[in-house]
Amino acid sequence: MRVSQAKPSIRKSEPESKVLLASKPGLTKAVGNSGRKKNSLGYRALDERALVKIVRRFLPLTIHDWNLVEEEYNLHASGQGRSGMRDAASLKRKLTNSGL
């Protein structure tokens, strides 16, 4: 006796990746929900250059050093009229992941 597997119906309104994951038992997270939040501000080229300049000045190795980088970078950002503050972990991650 052969058991047939029912294929999930794909509706036009749902992304295909979401349907594919929903067809597998135990998987409920939709693909494509990672990354920046909507309307969040990324780093501008000016911000990236400032971060590299600050890191070169402090050469951070310890968390204390990264906290100094955070303070200096946030002074730069507020001087540029941006209200969003970056924490030390975010700045370190930016530097590590972007290859600056």
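Worth a mention:
- Net charge of the neighbourhood of Asp87, taken over other residues with C-beta under 12 Å away and scored Lys/Arg +1, Asp/Glu -1, is +2.
- Pairwise label distance in nanometres, Leu61 with Lys92, each label 7 Å out on the Cα-Cβ vector: 1.4
- Length released on extending from Gln80 to Leu68, taking residue separation times 0.36 nm less the Cα-Cα span: 2.4 nm
Values quoted throughout were computed directly from the atomic coordinates according to the rules given, and no laboratory measurement underlies them. None of the values given here were measured: they were computed from a predicted structure. Ideal geometry is used to build each Cβ from the backbone, glycine not excepted, and the neighbour counts take in all protein chains shown.
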